[in-house]
């Protein structure tokens, strides 16, 4: 047992050959707590919210876990399949976006009959917002979208390229996605787009672009909370509003001064700095809003 009566357990869930190590944290002596299962965003994100060479020490997932557990809300966080080096050979043989949802389903199955927990809440961050939408909700009580995009990945990338590189390159990206959608591959990739359309990535992109979050969220019949920060440089408030418009029964909250990695940003110059430093504080409004939604 850790400080303040917090219990943490390391749990290994496997999806065939894929290993998904994670950490369950909850308050000792508190009966039948609600359990949040956190679904991470894009990249090689570990259970703490860090990525080697990217968010090297942001720690935002662990900070969120600690904050919610202190409110008697249990929290399960696991290393994304791509964060574990031994998984890579198996991932390369099965490059499907749906596999992320299968991993989440295994986590739900692991806890659904655990008498320590009164309910399961899926919390999907960024890319994980869509992944959590695609998961099996039969044993899920509530769903939270945190900084979730509203459009398909191909449309999002085309828009980003047009804004950053102009219409000429954006049209090439658009034609590549069209070919990928129609044939399952891109025969001749523009040299400027190799990183985006390399051969191993093409099947994954093809499987991802099939899904539009604004359509998928309409299918949810459980209570939905949609959150976005007004300092988020990666996912806009317009995305949150679009998701809310698609699911009008949802609750929409825009978190003041919160960025994409859930930190409070008072000075805009600190926005990207906070991606690699754990000492920026997690948004307290975020924790308050999630707690109220779960305990309502």
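The values are calculated or read from the model by the stated rules, or taken from the named source; none is laboratory data. Since the structure is predicted, the reported quantities are computational estimates derived from the model, not experimental observations. Positions of Cβ are backbone-derived with ideal geometry, glycine not excepted, and every protein chain shown enters the neighbour counts.
Any chance segment 128-145 includes a residue that's over 22 Å from residue 260 (Cβ atoms), part of a strand (DSSP E or B), touching a residue at least 60 places away in the same chain (Cβ under 8 Å) and in the same structural domain as residue 258 (by TED's automatic domain parsing)? Looking for residues that are over 22 Å from residue 260 (Cβ atoms), part of a strand (DSSP E or B), touching a residue at least 60 places away in the same chain (Cβ under 8 Å) and in the same structural domain as residue 258 (by TED's automatic domain parsing), one finds at least one in segment 128-145, hence yes.
Show the residue pairs meeting these rules: Cβ distance below 7 Å; 6+ apart or different chains; first residue within segment 47-64 and under 18 Å from residue 10 (Cβ atoms); second residue modelled with pLDDT of 95 or more and part of a helix (DSSP H, G or I). Listed pairs, sorted by first residue: 47/61; 48/61; 48/62; 49/60; 49/61; 49/62.
The single condition among (1) loosely packed, with under 15 Cβ neighbours inside 10 Å; (2) over 19 Å from residue 278 (Cα atoms) that residue 80 does not satisfy is (1). Just checking, does segment 255-275 include any residue being assigned to a helix (DSSP H, G or I), in contact (Cβ under 8 Å) with a residue 24 or more places away in the chain and surrounded by 18 or more Cβ atoms within 10 Å (Cβ to Cβ)? So far as segment 255-275 goes, yes, one or more of its residues are assigned to a helix (DSSP H, G or I), in contact (Cβ under 8 Å) with a residue 24 or more places away in the chain and surrounded by 18 or more Cβ atoms within 10 Å (Cβ to Cβ).
Contact annotation: residue pairs with Cβ atoms under 6 Å, 6 or more positions apart or on different chains, pairing a residue in segment 86-105 that is under 15 Å from residue 129 (Cβ atoms) with a partner that is assigned to a loop (DSSP other than H, G, I, E, B), are 101/135; 104/135. Being under 15 Å from residue 40 (Cβ atoms) and in contact with a strand residue (DSSP E or B) (Cβ under 8 Å, 6 or more places away or on another chain), is that true of even one residue in segment 147-169? Looking for residues that are under 15 Å from residue 40 (Cβ atoms) and in contact with a strand residue (DSSP E or B) (Cβ under 8 Å, 6 or more places away or on another chain), one finds at least one in segment 147-169, hence yes. Only residues that are buried (at least 22 other Cβ atoms within 10 Å of the Cβ) and not in a loop (DSSP other than H, G, I, E, B) were counted across segment 27-62, and they come to 7.
Please verify whether residue 251 is surrounded by 20 or more Cβ atoms within 10 Å (Cβ to Cβ), within 22 Å of residue 239 (Cβ to Cβ), within 19 Å of the chain's Cα centre (by Cα) and in the same structural domain as residue 118 (by TED's automatic domain parsing), treating the condition exactly as stated. No: the conditions fail for residue 251.
Every listed requirement among (1) closer than 26 Å to residue 9 by Cα; (2) within 14 Å of the chain's Cα centre (by Cα) is met by residue 147 save one, (1).
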